[in-house]
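Here it is: the structure, laid out below.
The values are calculated or read from the model by the stated rules, or taken from the named source; none is laboratory data. Note that the coordinates shown come from a computational prediction; the quantities given were computed from them, not determined experimentally. When we count neighbours, we look across all protein chains shown, and the Cβ atoms used for this are built from the backbone with ideal geometry, even at glycine. Heads up: the accessible areas ignore ligands, DNA and RNA and are worked out on the full protein's heavy atoms, side chains in. Shrake-Rupley method; radii C 1.70, N 1.55, O 1.52, S 1.80 Å.
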Amino acid sequence: MKLEVRNVSCGYEKHAILEHISFDLGDGDICCILGANGVGKSTLFKTILQLLPVIDGQICINGENIQKWSPKKISKIMAYVEQAHVPSFPYLVKDIAMLGRLGQISSFAQPSIHDYEIVEQALEDVGIRHLRDKVYTDISGGERQLLMIARALVQQPKILILDEPTANLDYGNMIMVLNCLKQLSSKGLCIIFTTHNPNQAFMMHAKTLMLFRNDPYIFGESEKIITEKNLYKAYHAHIQIIEFLDAYQQPIKMCNPIFEERENEN
């Protein structure tokens, strides 16, 4: 599977927020999208998912322009995970996951044995099959986010798109979710996600698309794209890049903010 974003301009009612964006992703790739609030990350997501029409350019899957694809056809290739939320009703975990199959089930039909098998496998793939009979509102925030990923996986997509998948999670749950995404990518799933934490791109050894408010975007390997100069352009904050060896003696980078010292007026 190959996703190609070809010279795409996107926005609302022909008013372009992003212009001339191009990048390619394939099976097993992880792409992290970075940029300040309001720079167009969500707009790009909606355009890739065909929820917004492309103003200019093309979005292609395996060389085919998807502009005229039906929502059902798109759902078999791409699945979307929104930011975590808590539903009003205490559904069971397995029932929440089954919601992801609705687009594949005929109207008024009941889920088949095959549908249930797909749900069981998705829960297994994200590591929460043991929670299948638990009430959604009784599980942890990290487990809820894994369930949202499982709900997307039951579409059996080739591309998984996630909007800030670790927002509002504590550090342990953040690691749990990122580890899940790395495991899924190792099985060939293409992962695209946004984050406000550039360290996550380093953690995931991801390709990075960095968006700027008044400058052209840049795309490439995180180690080359995430620099002190580019971070300042994106966030207008002084951030130091620290390099060190991890527990396996592999080089890794980390972002560290530099706080300004103010003189004591007294």
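Only residues in the stretch 164-182 that are under 14 Å from V81 (Cβ atoms) count as the first member; pair them with residues that are open to solvent by 80 Å² or more (accessible area, probe 1.4 Å), Cβ under 6 angstrom, at least 6 apart or cross-chain, and list the lot.
Once the first residue is under 14 Å from V81 (Cβ atoms) and sits in the stretch 164-182, no partner that is open to solvent by 80 Å² or more (accessible area, probe 1.4 Å) comes close enough.
Which of the residues belonging to the stretch 38-56 are small (G, A, S), open to solvent by 20 Å² or more (accessible area, probe 1.4 Å) and assigned to a loop (DSSP other than H, G, I, E, B)?
Hit for the stretch 38-56 is G38, nothing else.
To continue, here is another question. For the stretch 62-77, give me the residue count where each residue is exposed (fewer than 15 other Cβ atoms within 10 Å of the Cβ), at pLDDT below 95 and in a loop (DSSP other than H, G, I, E, B).
Going through the stretch 62-77 one residue at a time, the tally reaches 3.
I'm trying to understand the selection: among the residues of the stretch 18-37, which are open to solvent by 70 Å² or more (accessible area, probe 1.4 Å) and either at positive phi or not in a loop (DSSP other than H, G, I, E, B) (or both)?
Across the stretch 18-37, the qualifying residues are E19, H20.
Could you list, in sequence order, all residues of the stretch 140-167 that are out of contact with any strand residue (DSSP E or B) (no Cβ under 9 Å at 6 or more places or on another chain) and open to solvent by less than 10 Å² (accessible area, probe 1.4 Å)?
G142, L146, L147, A150 - these are the residues of the stretch 140-167 that are out of contact with any strand residue (DSSP E or B) (no Cβ under 9 Å at 6 or more places or on another chain) and open to solvent by less than 10 Å² (accessible area, probe 1.4 Å).
Related question: Please specify each residue of the stretch 212-224 satisfying the condition of being in contact with a helix residue (DSSP H, G or I) (Cβ under 9 Å, 6 or more places away or on another chain) and in contact (Cβ under 8 Å) with a residue 24 or more places away in the chain.
F212, R213, F219, S222, E223
Now, a different point. State all residues of the stretch 1-50 that are over 22 Å from P198 (Cβ atoms) and among the basic types (K, R); if no residue qualifies, say none.
Across the stretch 1-50, the qualifying residues are K2, R6, K14, K46.
Yes/no matrix, rows are residues, columns are (1) under 12 Å from M98 (Cβ atoms); (2) assigned to a helix (DSSP H, G or I); (3) among the polar types (S, T, N, Q):
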{"residue": "P111", "(1), (2), (3)": "yes, no, no"}
{"residue": "D115", "(1), (2), (3)": "yes, yes, no"}
{"residue": "L123", "(1), (2), (3)": "yes, yes, no"}
{"residue": "D133", "(1), (2), (3)": "no, no, no"}
{"residue": "T137", "(1), (2), (3)": "no, yes, yes"}
{"residue": "Q145", "(1), (2), (3)": "no, yes, yes"}
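I would also like to ask the following. What number goes with the only condition from (1) among the aliphatic types (A, V, I, L, M); (2) assigned to a loop (DSSP other than H, G, I, E, B); (3) under 22 Å from the mean Cα position of the chain (by Cα) that I59 does not pass?
(2)
Could you list, in sequence order, the residues of the stretch 1-17 that are in a strand (DSSP E or B), of a type outside the set (S, T, Y) and either at positive phi or open to solvent by less than 40 Å² (accessible area, probe 1.4 Å) (or both)?
Listed by number, the residues that qualify are L3, E4, V5, N7, V8, C10, G11, A16.
Further question on the same structure: Only one residue in I113, I128 is open to solvent by 50 Å² or more (accessible area, probe 1.4 Å), β-branched (V, I, T) and out of contact with any strand residue (DSSP E or B) (no Cβ under 9 Å at 6 or more places or on another chain), so which one is that?
The conditions single out I113.
Also, quick follow-up: List the number of the failed condition for I159; all other conditions in (1) out of contact with any helix residue (DSSP H, G or I) (no Cβ under 8 Å at 6 or more places or on another chain); (2) over 26 Å from A201 (Cβ atoms); (3) aliphatic (A, V, I, L, M) hold.
So the condition that I159 fails would be (2).
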